[in-house]
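> After the structure tokens below, expect a handful of questions from me.
The values are calculated or read from the model by the stated rules, or taken from the named source; none is laboratory data. Here the structure is a predicted model, which is why all the values come from computation and not from measurement. For neighbour counting, all protein chains shown are included, and Cβ atoms are generated from backbone atoms with ideal geometry for every residue, glycine included.
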């Protein structure tokens, strides 16, 4: 069974019903638009001039913890300060609370959802994407069939949130309904992160950009060697 943790502490009654009640209490998120990334040069190439809301954004890389979440820190912080929740669905490492606080992410707005299987992860991701109280959903999945991707896309459209899905680099050869697909690669000697836009519906595909090392901060606990 999926377990929801807020502020990194277990919540005794935090079950699927709790998440469902949270969604039922939420107000309508309104029309979908875009959320500024915090990086002006990147926004000029992104669909709608920022991170597109109400759709999936896929991060494709050969490794995790390479600084990929630093791309979304300004947007996540803005959502949290607007009173929205940030849902992490079965993250591969424990988020590093001091770093998140330093970057302006209030811990009381973070939901860490533990799952025991891919099926539970997909269920939790879909429910969180549909929930207007959740401003952003971060998910990790290696093997997804087209049907699962389309269910998540429909959920993102329904909720209007920022849907961020981490997938392996091999998934780049698979068709996807995501509006934005980014291929990520760490630069040599920890100099930052290389971002290549594989797909940008309504934006600029084929463009590459580098996130400098100064903007790539450690967001995971010391159990993770990368950023």
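> Looking at segment 132-157, which of its residues are over 18 Å from residue 91 (Cβ atoms), touching a residue at least 60 places away in the same chain (Cβ under 8 Å) and in contact with a helix residue (DSSP H, G or I) (Cβ under 8 Å, 6 or more places away or on another chain)?
Start the filter on segment 132-157 by keeping residues that are over 18 Å from residue 91 (Cβ atoms), which leaves 132-133, 145-151, 153-157.
If we keep only those that are touching a residue at least 60 places away in the same chain (Cβ under 8 Å) too, we end up with 132-133, 149, 153, 156-157.
Passing the criteria: 132, 133, 156.
> Within segment 45-82, track down each residue that is in a loop (DSSP other than H, G, I, E, B) and either farther than 24 Å from residue 130 by Cβ or modelled with pLDDT of 90 or more (or both).
Initial filter on segment 45-82 (in a loop (DSSP other than H, G, I, E, B)): 45-46, 50, 53-54, 62-67, 82.
Selection gives 45, 50, 53, 54, 62, 63, 64, 65, 66, 67, 82.
> Output the residues belonging to segment 197-227 that are part of a loop (DSSP other than H, G, I, E, B), under 15 Å from residue 72 (Cα atoms) and at pLDDT below 55.
Within segment 197-227, the first condition is being part of a loop (DSSP other than H, G, I, E, B), and the residues that meet it are 201-207, 216-219, 221-227.
Of the ones still in play, those that are also under 15 Å from residue 72 (Cα atoms) are 216-219, 227.
Of everything in segment 197-227, those that are part of a loop (DSSP other than H, G, I, E, B), under 15 Å from residue 72 (Cα atoms) and at pLDDT below 55 turn out to be 216, 217, 218, 227.
> What helices (runs of 4 or more DSSP H), lying completely within segment 95-181, carry at least 3 residues that are modelled with pLDDT of 90 or more?
On the way: elements: 97-102, 118-130, 146-159.
Answer list for segment 95-181: 118-130, 146-159.
> Further, regarding this structure: Which one is surrounded by the fewest Cβ atoms within 10 Å (Cβ to Cβ), of the residues in segment 173-191 that are without any contact (Cβ under 8 Å) to a residue 40 or more places away in the chain and under 22 Å from residue 56 (Cα atoms)?
Taking segment 173-191 first, the residues without any contact (Cβ under 8 Å) to a residue 40 or more places away in the chain are 173-175, 187-191.
Checking which are under 22 Å from residue 56 (Cα atoms) leaves us with 173-175.
On the way: 173: 6, 174: 14, 175: 9.
Of everything passing the filter in segment 173-191, 173 is surrounded by the fewest Cβ atoms within 10 Å (Cβ to Cβ).
> Here's another thing I want to ask about it. Does residue 194 meet the test of being modelled with pLDDT of 85 or more, touching a strand residue (DSSP E or B) at 6+ places or on another chain (Cβ under 6 Å) and surrounded by 15 or more Cβ atoms within 10 Å (Cβ to Cβ)?
Yes, satisfied.
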